[in-house]
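Novice: Structure in structure tokens, see below.
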Amino acid sequence: MTVEIALVFTIIAVALYLFASERLPLDITAILIMITLIAIPQLFHSQWLLDRGIDLQAAFPTVREGLSGLSSPATVTVLAMFILSAGIQRSGLMHVLGQRLFPMVGTSELRMILVIAGLVGLISGFINNTAAVAVAIPLMLDMARRLKMQASRLLMPVSFFGMLGGTLTLIGTSTNILASAILADSEDFGRPIGMFEFTHLGLIVLGVGLIYFVTVGRWLMPEKDRIRLGGAEDRFVIELGVPPDSPLLDQTLAEHEFALRASVEVLKLVRGETVHIKRAEEIRIRPGDIIQVHADLRRVMDLIKADDVQVLSVSGESSRVRGDGKLVRVLLRNARFFEGREVRSAGFWDRYQARLIGLEKEALEERRIADEPLATGEIALLEISRTALARLRDTKDLVILEESQDEFDRRRMWMAGGIMAAVVLGAALTPLPIVVTALLGVVAMVATNCIDGKHMYTEVSWPVIFLIAGVIPLGIAMTKSGAADLLAGLLAIQALGWHPVLVLMALYLATTLLTEMLSNNASVVILVPVAISLGHILQIDIFALALAVMFAASTSFLTPIGYQTNTMIFGTGLYRFTDFAKVGIPLNLLLMVVTSLSIWWLWLV
């Protein structure tokens, strides 16, 4: 081992310690790696060392190479994908897809897993899988509350299928994009990976994951949540009218699956002077019926645009909410005016030009919202125009807690989905590289107002960007110093005479374990150069070995820190650290075998 290789291994060892201990943020550690690799040949290169056969400048990145991670196509592509994913998320497309799919679930956990695989798994192949999981988490928590299911048994499949789905295309995860950039810079491979070049392998992996979860995996998941999910935070009692042409007429709410489709809890059905509570969902709906429900703010926005019901406001008498203003949560603080006064006599329209939609409470004391007595400190939901909102800010009667406006609209959903499809198809069907089509997609997202300039920057996960930019020079140092060749040679000595499937399994296992200590991106930077050298030594297709590294780094399920989506669901407090190993170890072993056999069959036979 040369001095140069020993230095590179020392830097890797320190990086491993810092990544694993998280004494510094991961992105800061990556930047320190970049600075160290650039500084060593600049500070310590000397004729004295050259005379002793130590050439630091030849073994370490130049300044330009050390900073190349900041301008790497991989880094820029990942940055663009964050913005594109944010445009998809902010358009409401994922939310609407969830609304359409979840009514098919009923109360079946098995069907829920199938829906998660279809929604999160497939979509993760076309938008950043971390963004897909981030959107799915609140949807799943809401489903768990309404269906009285264990949230931990839903969120783990969400994370795992997000990882599995990320293997479908080049842009599904930053790992794939980074590996493609390393392979393109390699003299032995020399080209970027195609958009759908390994999709058939990704479909096999996704299918195996689905089979695992509907059989063995279901029984290994936690039996109960570590914490109890709250059920009534920020939920409002609102009233819904039934229009004359509503599909609800002559049906019961249970037959229509109204609560499930609308993501609400039905409290009561008011018909004239009669109130039905226990049988509210079993009575056939007639014109003039009032349905009282619990709904969070997002569901209120959805219901305002719904065709089968009308959200009612209280402005002297019940009337349909217009839906062209802002929704505002306000705290009632004027005790002399509000305390004990009925909602209908509070005169919200005459006094503030605002329509009261709902009250944030568990249940009403009276039959209707209009008859409910108000109390100081109570929270109400108002709809108000922008002009009237400016005046409302000056009143001493209320405290504005939150302002919201429904940004979801069909035009932007179609526009955002079309832009994302154009990015994918442009990279697949034209000579343009993915980095170019992704940047064009970002411009289109901003031009069509799918995302504005402010959110374009705030939605980017900058720590991930700097993590990628910082570890890319480490791959360069491993190649230039000969460290990658040394590791590949050592592995080749052990693997000499092995069947290619066993070589693939060994590389897969090493990547899985390293990913749990580092990040998925860092393990790819370290092991893809090793795969390239190993392929050259053993005369095995380099792409096949690189695929083993890519898939292992993207599907490391063993701990909550091995992949970002696992960390996200672990942060909900629903899981123990060991829950991931219990479900993840059998799946990782299964995928190690299946992925290696599939790569051998598809690329090496």
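Novice: Search the range 542-561 for residues that are within 19 Å of Leu491 (Cβ to Cβ) and open to solvent by 10 Å² or more (accessible area, probe 1.4 Å) and pair each with any residue that is among the aliphatic types (A, V, I, L, M) and at pLDDT below 95 when their beta-carbon atoms are under 8 Å apart and the residues are at least 6 apart or on different chains.
Specialist: Close Cβ pairs satisfying both conditions: Ile542/Leu183; Ile542/Ala531; Ile542/Ile532.
Novice: Pull up the range 89-107, narrow it to residues that are in contact with a Gly (Cβ under 9 Å, 6 or more places away or on another chain) and crowded, with 19+ Cβ neighbours inside 10 Å, then point me to the one that is modelled with the lowest pLDDT.
Specialist: Leu93
Novice: Check every one of the helices (runs of 4 or more DSSP H) wholly within the range 7-78 and list those with 3 or more residues that are under 34 Å from the mean Cα position of the chain (by Cα).
Specialist: 26-44, 63-66, 68-71
Novice: Arg412 - would you say it is open to solvent by 60 Å² or more (accessible area, probe 1.4 Å) and either among the charged types (D, E, K, R) or in contact with a Lys or Arg (Cβ under 8 Å, 6 or more places away or on another chain) (or both)?
Specialist: No: the conditions fail for Arg412.
Novice: What number of residues within the range 340-354 are closer than 10 Å to Val314 by Cα and basic (Lys, Arg)?
Specialist: So the answer is 1.
Novice: Of (1) more than 27 Å from Arg90 (Cβ to Cβ); (2) modelled with pLDDT under 90; (3) aliphatic (A, V, I, L, M); (4) surrounded by fewer than 22 Cβ atoms within 10 Å (Cβ to Cβ), Ala181 satisfies all except one. Which?
Specialist: Unmet for Ala181, out of (1) more than 27 Å from Arg90 (Cβ to Cβ); (2) modelled with pLDDT under 90; (3) aliphatic (A, V, I, L, M); (4) surrounded by fewer than 22 Cβ atoms within 10 Å (Cβ to Cβ): (4).
Novice: Of all residues in the range 163-222 being part of a loop (DSSP other than H, G, I, E, B) and of a type in the set (S, T, N, Q), which is nearest to Tyr508 (Cα to Cα)?
Specialist: By that ranking, first place goes to Thr167.
This table checks each residue for (1) assigned to a helix (DSSP H, G or I); (2) under 23 Å from Met568 (Cα atoms); (3) hydrophobic (A, V, I, L, M, F, W, C).
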{"site": "Asn521", "(1), (2), (3)": "yes, yes, no"}
{"site": "Val525", "(1), (2), (3)": "yes, no, yes"}
{"site": "Pro529", "(1), (2), (3)": "yes, no, no"}
{"site": "Ser533", "(1), (2), (3)": "yes, no, no"}
{"site": "Ile537", "(1), (2), (3)": "yes, no, yes"}
{"site": "Val549", "(1), (2), (3)": "yes, no, yes"}
{"site": "Ala553", "(1), (2), (3)": "yes, yes, yes"}
{"site": "Ser556", "(1), (2), (3)": "no, yes, no"}
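Novice: A follow-up question, please. Could you say which residue among Leu574, Leu591 is over 30 Å from Trp498 (Cβ atoms) and of a type outside the set (Ser, Thr, Tyr)?
Specialist: Criteria check complete, one pass: Leu574.
Novice: If you scan the range 427-453, which residues turn out to be without any contact (Cβ under 8 Å) to a residue 60 or more places away in the chain and of a type in the set (A, V, I, L, M)?
Specialist: Leu429, Leu432, Val436, Leu440, Val443, Ala444, Val446, Ala447 - these are the residues of the range 427-453 that are without any contact (Cβ under 8 Å) to a residue 60 or more places away in the chain and of a type in the set (A, V, I, L, M).
Novice: If you don't mind, another one. Just to be sure before I move on: is Ala510 out of contact with any Gly (no Cβ under 9 Å at 6 or more places or on another chain) and buried (at least 24 other Cβ atoms within 10 Å of the Cβ) in the structure I sent?
Specialist: no
Novice: Does the range 566-575 include one or more residues that are touching an Asp or Glu at 6+ places or on another chain (Cβ under 7 Å), over 19 Å from Ser186 (Cβ atoms) and either among the aliphatic types (A, V, I, L, M) or at pLDDT below 85 (or both)?
Specialist: Yes, there is a match, as at least one residue in the range 566-575 is touching an Asp or Glu at 6+ places or on another chain (Cβ under 7 Å), over 19 Å from Ser186 (Cβ atoms) and either among the aliphatic types (A, V, I, L, M) or at pLDDT below 85 (or both).
Novice: Filter the range 562-605 down to the residues that are touching a residue at least 60 places away in the same chain (Cβ under 8 Å) and in a loop (DSSP other than H, G, I, E, B) and list them by number.
Specialist: Tyr563, Thr572, Gly573, Leu574, Tyr575, Arg576
Novice: Is one or more of the residues making up the range 345-358 of a type in the set (Ser, Thr, Tyr) and within 39 Å of the chain's Cα centre (by Cα)?
Specialist: The answer is no, given that none of the residues of the range 345-358 is of a type in the set (Ser, Thr, Tyr) and within 39 Å of the chain's Cα centre (by Cα).
Novice: Residues of the range 350-387 being surrounded by 19 or more Cβ atoms within 10 Å (Cβ to Cβ) and free of Cβ contacts under 8 Å to residues at least 40 places away in the same chain, which ones?
Specialist: If the condition is that a residue be surrounded by 19 or more Cβ atoms within 10 Å (Cβ to Cβ) and free of Cβ contacts under 8 Å to residues at least 40 places away in the same chain, then Ala354, Glu372 are the ones that fit.
Novice: Moving to a separate point now. Here are some conditions: (1) in contact (Cβ under 8 Å) with a residue 40 or more places away in the chain; (2) small (Gly, Ala, Ser); (3) more than 25 Å from Val135 (Cα to Cα). Gly497 meets all but one. Which one does it not meet?
Specialist: The number of the failed condition is (1).
Novice: Here's something else I'd like to know. Among the residues of the range 1-19, what is the count of those that are free of Cβ contacts under 8 Å to residues at least 60 places away in the same chain and of a type outside the set (S, T, N, Q)?
Specialist: Counting residues in the range 1-19 that are free of Cβ contacts under 8 Å to residues at least 60 places away in the same chain and of a type outside the set (S, T, N, Q) gives 6.
Novice: Continuing with this model, one more query. Any idea which residue in the range 27-62 is modelled with the lowest pLDDT, counting only those that are open to solvent by 60 Å² or more (accessible area, probe 1.4 Å) and under 27 Å from Ser461 (Cβ atoms)?
Specialist: Among residues in the range 27-62 that are open to solvent by 60 Å² or more (accessible area, probe 1.4 Å) and under 27 Å from Ser461 (Cβ atoms), the one modelled with the lowest pLDDT is Ile28.
Novice: With Glu197, Glu223 as the choices, which residue is within 30 Å of Ala484 (Cα to Cα), surrounded by fewer than 19 Cβ atoms within 10 Å (Cβ to Cβ) and among the charged types (D, E, K, R)?
Specialist: Glu197
Novice: State whether the residues of the range 260-268 include one that is at pLDDT 85 or above, over 21 Å from Val399 (Cβ atoms) and more than 35 Å from the chain's Cα centre (by Cα).
Specialist: Looking for residues that are at pLDDT 85 or above, over 21 Å from Val399 (Cβ atoms) and more than 35 Å from the chain's Cα centre (by Cα), one finds at least one in the range 260-268, hence yes.
Novice: Please go through the range 360-384 and give me each residue that is of a type in the set (Gly, Ala, Ser) and at pLDDT below 85, ordered by number.
Specialist: The answer is Ala363, and nothing else.
Novice: Another question, then. Looking at the range 39-47, is at least one residue in contact (Cβ under 8 Å) with a residue 60 or more places away in the chain and under 30 Å from Val435 (Cα atoms)?
Specialist: no
Novice: Go over the candidates Lys480, Lys454 one by one and state the one that is more than 21 Å from Gln564 (Cβ to Cβ) and out of contact with any helix residue (DSSP H, G or I) (no Cβ under 8 Å at 6 or more places or on another chain).
Specialist: So the residue among Lys480, Lys454 that is more than 21 Å from Gln564 (Cβ to Cβ) and out of contact with any helix residue (DSSP H, G or I) (no Cβ under 8 Å at 6 or more places or on another chain) is Lys454.
Novice: Something else about it: Taking Ala144, is it part of a helix (DSSP H, G or I), touching a Leu at 6+ places or on another chain (Cβ under 6 Å), open to solvent by less than 10 Å² (accessible area, probe 1.4 Å) and at pLDDT below 80?
Specialist: So Ala144 fits the description; yes.
Novice: Restrict the check to the range 79-88 and report whether at least one residue is at pLDDT below 75 and under 22 Å from the mean Cα position of the chain (by Cα).
Specialist: Checking the range 79-88: not a single residue is at pLDDT below 75 and under 22 Å from the mean Cα position of the chain (by Cα).
Novice: Which of the residues that make up the range 423-455 are modelled with pLDDT under 80, under 20 Å from the mean Cα position of the chain (by Cα) and of a type in the set (A, V, I, L, M)?
Specialist: Hit for the range 423-455 is Val424, nothing else.
Novice: Output yes when any residue across the range 319-331 is farther than 30 Å from Leu93 by Cβ and either in a helix (DSSP H, G or I) or open to solvent by 30 Å² or more (accessible area, probe 1.4 Å) (or both), and no when none is.
Specialist: yes
Novice: Follow-up question, since we're still on this one. What are the residues in the range 108-128 that are at pLDDT below 80 and over 23 Å from Val216 (Cβ atoms), if any?
Specialist: Those that are at pLDDT below 80 and over 23 Å from Val216 (Cβ atoms): Ile127, Asn128.
The values are calculated or read from the model by the stated rules, or taken from the named source; none is laboratory data. Note that the structure is predicted; figures quoted are calculated from it, not measured. A quick note on method: Cβ atoms are made from the backbone with ideal geometry, for glycine too, and the neighbour counts reach across all protein chains shown. Heavy atoms of the whole protein, side chains included, go into the accessibility calculation; ligands, DNA and RNA do not. Shrake-Rupley method; radii C 1.70, N 1.55, O 1.52, S 1.80 Å.
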